[in-house]
Each structure stands twice: as C-alpha cells, then as structure tokens.
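Okay, structure first, notes after.
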Amino acid sequence: MMRSTSSVVLLLGLCAAPLCHAERADRLQPMVVESDGRQAASVDLNRKITVLNGNVSITQGTLRILAERVEIREEAPGRFMAQARGSSLQPTRFRQKRDRQDEVVEAESNRVEYDSAAERVRFIGDAKLRVLRNGKVSDEAHAAVIVYDQKADTLVFEGGSPPAGAAASTPANGRARLVFVPRQAPEGQP
C-alpha cells in the first residue's frame with residue numbers, strides 16, 4: 001500500500017518530536033523588541049497592531065528572533081499573533097535553548113508565524129532547522145514548512161513547492177529532508 005508523501009512526512013515529524021522542547025523559563029523573562037528602521041515602530045491602538053521595521057531583534061530569555069519586519073496583532077485579550085519576514089538578502093532567524101543541558105534549536109525561513117495561545121511557531125518558505133548539542137550541529141531538517149508545537153513538543157515537516165526564488169536551495173522535488181546523527185552512548189554504557 002502506497003502512502004502519500006505528506007503522510008510519510010507527518011509520521012517522520014512525529015517520530016522526531018523530542019528534538020524541540022523550548023526553555024520553559026523564557027516565558028517568565030521580559031521581552032525586548034528593538035528595530036532601527038526609518039520608521040522603526042508604529043502602533044495602531046484601535047486595531048491592536050504593532051509593526052516594526054528594519055533589522056528587528058526580539059529577545060526573551062534564551063529566545064532570539066531576527067527579522068526585517070515584524071507585525072504583532074492582539075487577536076483577543078492576551079492572545080497575540082506575530083508574523084516576521086526576512087529580506088531578500090537575509091532570512092528570518094530563530095534561536096532558543098532547550099530545557100535539556102547544552103542543547104539549542106536554530107531555524108531560519110523566509111517567514112515565521114507565531115501563535116502565542118497555541119504556542120505554535122511555523123517556519124514558512126525554505127525552512128531549515130538545526131539542533132545543536134554542545135555547540136555542534138546534531139540533527140537538521142530542511143522543508144518548505146516546519147511547524148514547531150511547543151505545547152505538544154512536536155515538529156511537523158511539510159514538503160511542497162518551494163517559494164519563488166528559493167528553488168536552488170530547497171530539497172529536490174519539494175521533499176522534506178531530515179538528517180539524524182547517531183548519538184554515542186555516554187562513557188561506561190554500551
């Protein structure tokens with residue numbers, strides 16, 4: 001019986017679930033947002049929309065997002081939706097320490113969408129994700145879209161057509177590509 005590519009990709013994403021549990025202490029830290037564009041920030045109080053332009057940096061504890069433009073909307077009291085976009089020269093970048101010792105998740109894509117209530121991050125367009133252990137790349141993935149569900153501690157990798165201009169660096173035929181590096185057992189264990 002033949003399975004569709006999306007089913008296989010979803011299955012691989014669920015199998016890779018332990019890759020990405022975010023540092024829980026970050027949620028208790030203040031969030032600092034900076035930008036240096038000509039009109040660095042604008043706030044529409046009636047529509048509850050904040051737009052930041054020009055070399056935007058968002059940090060909260062170990063979480064760091066770098067983008068060219070960020071738009072934040074308050075959908076309901078306490079529920080925020082954010083969208084970050086990179087430039088033609090620089091993708092949007094994401095970095096966060098995991099709860100595990102010496103483990104960091106790094107990702108980059110053309111666009112990042114964040115739903116605060118669902119605690120879900122979507123990396124869209126030429127998405128790349130790396131797990132670093134002790135400062136070295138361990139596991140990595142490349143897909144059209146990568147969905148990181150922080151509550152469920154899961155990753156889903158979606159294949160599909162690459163966005164315009166990204167065909168050269170996207171895996172062949174729009175397929176998701178995952179690379180798992182074998183782990184060595186700690187000394188004294190088989």
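Below is a table of values for the structure above.
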{"read-out": "Residue check for Glu119: closer than 17 Å to Asp149 by Cα and surrounded by fewer than 18 Cβ atoms within 10 Å (Cβ to Cβ)", "value": "yes"}
{"read-out": "Elements of type strands (runs of 3 or more DSSP E) contained in the range 94-156, each with 2 or more residues being over 17 Å from Ala25 (Cα atoms) and of a type in the set (S, T, N, Q)", "value": "none"}
{"read-out": "Members of the range 27-48 that are in a loop (DSSP other than H, G, I, E, B), among the basic types (Lys, Arg) and surrounded by 13 or more Cβ atoms within 10 Å (Cβ to Cβ)", "value": "Lys48"}
{"read-out": "Close pairs (7 angstrom Cβ cut-off, 6 or more residues apart or separate chains): modelled with pLDDT of 90 or more in the range 48-60, assigned to a loop (DSSP other than H, G, I, E, B) and buried (at least 18 other Cβ atoms within 10 Å of the Cβ) anywhere", "value": "Leu52/Ser35; Asn53/Ser35; Gly54/Ser35; Asn55/Ser35; Val56/Ser35"}
{"read-out": "Condition met for Arg3 (closer than 27 Å to Arg183 by Cα, out of contact with any strand residue (DSSP E or B) (no Cβ under 9 Å at 6 or more places or on another chain), open to solvent by 80 Å² or more (accessible area, probe 1.4 Å) and modelled with pLDDT under 85)", "value": "no"}
{"read-out": "Pair list, Cβ under 6 Å, 6 or more apart: the range 121-132 residue free of Cβ contacts under 8 Å to residues at least 40 places away in the same chain and β-branched (Val, Ile, Thr), other residue open to solvent by 10 Å² or more (accessible area, probe 1.4 Å) and part of a strand (DSSP E or B)", "value": "Val121/Tyr114; Ile124/Arg111; Ile124/Val145"}
{"read-out": "Test: residue in the range 67-85 that is within 18 Å of Ile124 (Cβ to Cβ), assigned to a loop (DSSP other than H, G, I, E, B) and in contact with a strand residue (DSSP E or B) (Cβ under 9 Å, 6 or more places away or on another chain)", "value": "no"}
{"read-out": "Residue list for the range 101-133, filter: among the polar types (S, T, N, Q) and modelled with pLDDT of 90 or more", "value": "Ser109, Asn110"}
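The values are calculated or read from the model by the stated rules, or taken from the named source; none is laboratory data. Owing to the predicted nature of the structure, the values given are computational and were not obtained by experimental measurement. Cβ: placed from backbone, ideal geometry, glycine included. Neighbour counts: every protein chain shown. When the accessible area is computed, the model is the full protein with side chains, heavy atoms only, and any ligands, DNA or RNA have been set aside. Shrake-Rupley method; radii C 1.70, N 1.55, O 1.52, S 1.80 Å.
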